[in-house]
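Novice: Take this structure, written in structure tokens, and hold onto it; I'll ask about it next.
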Amino acid sequence: MLINSVYIKEFRGIREMRESITLGRLNVLIGRNNSGKSAFLEALSLFPIPFNAYNAPFLDSSRIQLIAQLHSGLESLVYGYSGIAEIKFSINHNEIMYRITDHGNIFAFIDGKRLDSQTYLKEIAKILGVKEEEGWLMKINSMVAFIPNDSNFLKSVREKIVSAWSTIMKSGANVRVVRDLISRVVHDEFTEVYLGANNVLELRKELPDDKVFWIRVTDIGDGVERLLISALYLEVLRPKLVLWDDIEASAHPGLIEVLIKWLINKNWQIVISTHSIDVLNLLTKIAPADTLIWVLRCDEYDRLNIKQLTIDDVADILESNIDIRRILDQL
Amino acid sequence: MILSHTPTKREIVSFVVFGDGRYDFRVLKAICEKFNGAKELVSPQLQGAKGLTNSLRSVAKLLDILRINVEKTKFVILIDKEHIGDIKQMKKKITEFFISESIKEDVQKQFFKFKILRGSKKTTLYIIVMGYNKCIEENISHLIEKIYGERVAPTRQSIREFLRRKGINFEDLIRRASQKALNEAFGNVVELLKEIDR
């Protein structure tokens, strides 16, 4: 696991967490709208390279700029739009802390010691077990992949996928993703995704009479397109931690099932947020090891209360015919 | 009064578990709207519970997991008579989940109130039985007769056809009912809501 525990203070809508939480391998955040799920994921997404000078992997903006773009600018990263936000992670017995000002300046600390960005990167590489050799920064940077529920983000990733198409082809991700995901959620016989004329991503479709069509990815429906782009993104990065906000967005329950199973089979730490009863039902059926369900609830003082449930707890509630999403504030 | 699936307030007055499903939810919701006040009843079920045992199980699980003060919260099971059997059987099933004490039994109205205890949690449980012989359609049919003077077979299909002919839905039917007609057709529900509203 990449991140052991996390604590957030004065970040976005979270005034403070009542206490730090210790993550499992698969973590599912549930809560009402505006309960802090996205903010929690965004806080995690700053790790391991939060500085403005370094772009997030596969994107043209830094991790902090990405969050600012999702909201109303850099000041929206700090609770109440002024002051300093604080995020602490525990990783391999080290405490990593970021302090973020309302102007978007970031100060990094390791075990209580403030470090300049260069020293921080060298130290974090040691903590993460990455040697300072060719591509080491990219290696560190790719360790955390964040997929927000945002169409502009997907558009940016799609453009980057196009520009890095040879790498994707060489890795075989264009075939794997279609074989392991897309062909399992649609009735069509798709075999691979390919970069066609005018840099348009196309899916190769085989008909029973041996005819072959190339269907533009943008024409196959939002849910499948989102799945395809996100999965290619993850296949290219091969991260250690996947953060996925509103994982069920635009997805049929069948698609969610395939996606969740695919994610679980990867050797990644995962934190997802969901409002979907299908996701919870599925997880109780599969019951992956080391899965924790986190119920997020912001109180009237904007303090984030997080209650931990196990898969068995959730299974008991669902089997008692109670829709857990309806009573999150009362748990 | 308000009946919803998701609480809109931090303080919840009552939780309702339906022994059947959406149909009963719509009827209770419409009757609630005839009562003034902003008190909230919440039905957090995934679907109808299909029977008394499953309904009691839902109440028991709610009691186990809720961190709110359940002593001030009331729990209601609204269920068709066909699922109940006799009163003795009903009480026996309750004891499978709770230690219980009967507070009020109105067999005529089919209104039952219990003090129940589960672990350290104490609360009030109402069991409101719908239908005179079988199900809630009998109450609706009775209400139609009170309002329109017309006898409609107590089946979902006949009631749907009647409402379609009149160009109204369940909610309209209940909205049009006088207090007297409601008292006659849904006396136990009216009594329940009055108790909750106190």
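Novice: If we scan the stretch B:53-75, do we find a residue that is surrounded by fewer than 22 Cβ atoms within 10 Å (Cβ to Cβ), modelled with pLDDT of 90 or more, away from every other protein chain (no Cβ under 13 Å) and more than 20 Å from A:G31 (Cβ to Cβ)?
Specialist: Yes: one or more hits.
Novice: Right, here's the next one. How many residues does the stretch B:63-88 hold that are closer than 24 Å to B:E138 by Cα, in a helix (DSSP H, G or I) and under 19 Å from the mean Cα position of the chain (by Cα)?
Specialist: Residues in the stretch B:63-88 being closer than 24 Å to B:E138 by Cα, in a helix (DSSP H, G or I) and under 19 Å from the mean Cα position of the chain (by Cα): 4 in total.
Novice: Answer yes or no: is there a residue in the stretch B:29-52 that is away from every other protein chain (no Cβ under 11 Å), within 17 Å of B:E96 (Cα to Cα), modelled with pLDDT of 85 or more and outside any loop (DSSP other than H, G, I, E, B).
Specialist: yes
Novice: Now a separate question. Would you pick out the residues in the stretch A:232-253 that are in a loop (DSSP other than H, G, I, E, B), in contact with a helix residue (DSSP H, G or I) (Cβ under 7 Å, 6 or more places away or on another chain) and not small (G, A, S)?
Specialist: A:D245, A:I247, A:E248, A:H252
Novice: Another question, if that's okay. Testing A:V162 on (1) surrounded by fewer than 15 Cβ atoms within 10 Å (Cβ to Cβ); (2) aliphatic (A, V, I, L, M); (3) assigned to a strand (DSSP E or B), one condition comes back false. Which one is that?
Specialist: Here A:V162 meets the rest and fails (3).
Each row is one residue, and each column tells you yes or no for (1) among the polar types (S, T, N, Q); (2) over 29 Å from A:L232 (Cβ atoms); (3) surrounded by 18 or more Cβ atoms within 10 Å (Cβ to Cβ).
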position	(1), (2), (3)
A:Q65	yes, no, no
A:L74	no, yes, yes
A:L77	no, no, yes
A:G83	no, yes, no
A:F109	no, yes, no
A:D116	no, yes, no
A:I124	no, no, yes
A:E134	no, no, no
A:S151	yes, no, no
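Novice: Quick one: in the stretch B:96-113, of everything that is free of Cβ contacts under 8 Å to residues at least 40 places away in the same chain and within 15 Å of B:G131 (Cβ to Cβ), which residue is surrounded by the most Cβ atoms within 10 Å (Cβ to Cβ)?
Specialist: Among those that are free of Cβ contacts under 8 Å to residues at least 40 places away in the same chain and within 15 Å of B:G131 (Cβ to Cβ), it is B:F112.
Novice: For A:I286, state whether it is more than 24 Å from B:H5 (Cβ to Cβ), of a type outside the set (S, T, Y), away from every other protein chain (no Cβ under 14 Å) and in contact with a Phe, Trp or Tyr (Cβ under 9 Å, 6 or more places away or on another chain).
Specialist: Answer is no for this residue.
Novice: Based on what the data block shows, is B:K91 more than 12 Å from chain A (Cβ to nearest Cβ) and at pLDDT 90 or above?
Specialist: Yes: the conditions hold for B:K91.
Novice: Does the stretch B:124-142 contain any residue that is in a helix (DSSP H, G or I), closer than 25 Å to B:T73 by Cβ and without any contact (Cβ under 8 Å) to a residue 40 or more places away in the chain?
Specialist: no
Novice: Among residues belonging to the stretch A:172-217 that are of a type in the set (S, T, Y) and modelled with pLDDT of 90 or more, point out the one that is farthest from A:K266 (Cα to Cα).
Specialist: Ranking the candidates gives A:Y194 first.
The values are calculated or read from the model by the stated rules, or taken from the named source; none is laboratory data. From a predicted model like this one, the values you see are computed outputs, not experimental measurements. Please note: Cβ atoms are built from the backbone with ideal geometry, for glycine as well, and neighbour counts cover all protein chains shown.
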